[in-house]
Structures are given as structure tokens and as C-alpha cells.
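The values are calculated or read from the model by the stated rules, or taken from the named source; none is laboratory data. These numbers were taken from a predicted model, which means no experiment stands behind them. SASA here: full protein model, heavy atoms, side chains in, ligands and nucleic acids out. Shrake-Rupley method; radii C 1.70, N 1.55, O 1.52, S 1.80 Å.
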Amino acid sequence: MALSRLRLLPGLLLTLTVLAELAAVVLSWRLEPAYDTLLSAVFSCAFAGTGALILSRHPRHVIGWLLLAVGVENALAADLAQGYGLRAAAEGWPGGPVAEAIVTASWLPQAPAFVLIVLLLPTDRLPGQTWWLVVWMSVLGVALAEPGWVLNPLTGGEYAAGPNPAGCSTP
């Protein structure tokens, strides 16, 4: 299927993902291993591209929207923010620790989307109504784990600029 046949919104979101990943690669280049920079870009573009292609044929396909959302979110909140955080630490730009805090907070909320994708395959419908319990348990798990993950002072080793700015210190 040619890219010219993409529907407007999925095509725009795919374009946003690709542009965000290009910026992330430029910002991150030589500040982390090249394989990490490139594989992250491939991951986001593959998810967003797959979702956009599915939505071009089936505009209401839930799996397509989930794949596209994960790709866009990962490109913006993980890769682009990480690239900015790394470059900010290296060049003395403002806002580096905030960008790295966004990266720390970005990956765990994707878990319910992955749970839904797995449960919706291959029919784009849950196997039964009771499976919503699994989806809501994943949402609850994220709601309980996210504050602990974001506020953990020991995640400072993951920050190029030093300690976790949101980390709570122990008395």
C-alpha cells in the first residue's frame, strides 16, 4: 500500500513520529550507544507505521489505534525527551532533568496498551467480557507502580544530569 493512500490523521501521526525520531537521533547521537538510539527509533516508527497502515484500511480498528498511540507516545515522551535530556546534560541546556523525568515516567503507562493489543488479537475483540478485568488490573498496576517508579531516588543513575529531580530522599 502506498503512503499516499494513508488516511489523514494516521498519516499525520506517523509523520509526527518519524520527525520526532529524526530529532531524537540527532540529539542522542554519540551520547549513548548508536544501537540504542537507532533501535528505539525503529521500534517507534514500526509501531506507528503498522498502526497507520492498519487504520488506512480499517479506520475503526482498535489494535491499529493502539499501535499508533504507542509509537507516537514512545517517540515523543521517551526518545525525543531522552535525546533532549542527554544533549541538555552534555551542553548545559535548561530543562534536561525534567526531560529525563518525562522519560522515566513514560514507559510504564504503555503496559495496558500492550495488554489490550494481546487480548484483542486476532479479532479486534476481547475473548469475553470478563477479560476487561485483566485490562483494568493492568491499569491499576500502573497506577500503583508509577508513583514509586517516578519518585524513586535510586533511579538517579539513569539521569545524565545527576540525581532524579523528582526522587524523594530518605531521612
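The table below lists the values:
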| item | result |
| --- | --- |
| Translational diffusion coefficient (Stokes-Einstein; Kirkwood radius from C-alpha pairs) of the stretch 12-79 at 4 °C, 1.567 mPa s, in µm²/s | 110 µm²/s |
| Structure-based [θ]222 nm, the chain - -39500 (n - 2.57) summed over DSSP H runs of at least 4, per residue, nearest 500 | -21000 deg cm²/dmol |
| C-alpha long axis of helix 111-120 to longest principal axis of the chain, angle in ° | 20 degrees |
| Between helix 34-57 and the chain: long-axis angle, C-alpha atoms, 0 to 90°, nearest 10 | 30 degrees |
| Karplus-derived HN-Hα couplings along the stretch 22-27 (A = 6.51, B = -1.76, C = 1.60, θ = phi - 60°), whole Hz, x at Gly and Pro | 4, 5, 5, 5, 4, 5 |
| Long-range Cα-Cα pairs in the stretch 58-122 (distance over 20 Å), rounded percent | 40 percent |
| Nearest 10 degrees, 0 to 90: helix 62-73 Cα axis against the chain principal axis | 20 degrees |
| The chain - convex hull of alpha carbons, volume per residue in Å³ | 119 Å³ |
| Carbon and sulfur %, accessible surface of the chain computed with the full protein complex present, 1.4 Å | 72 percent |
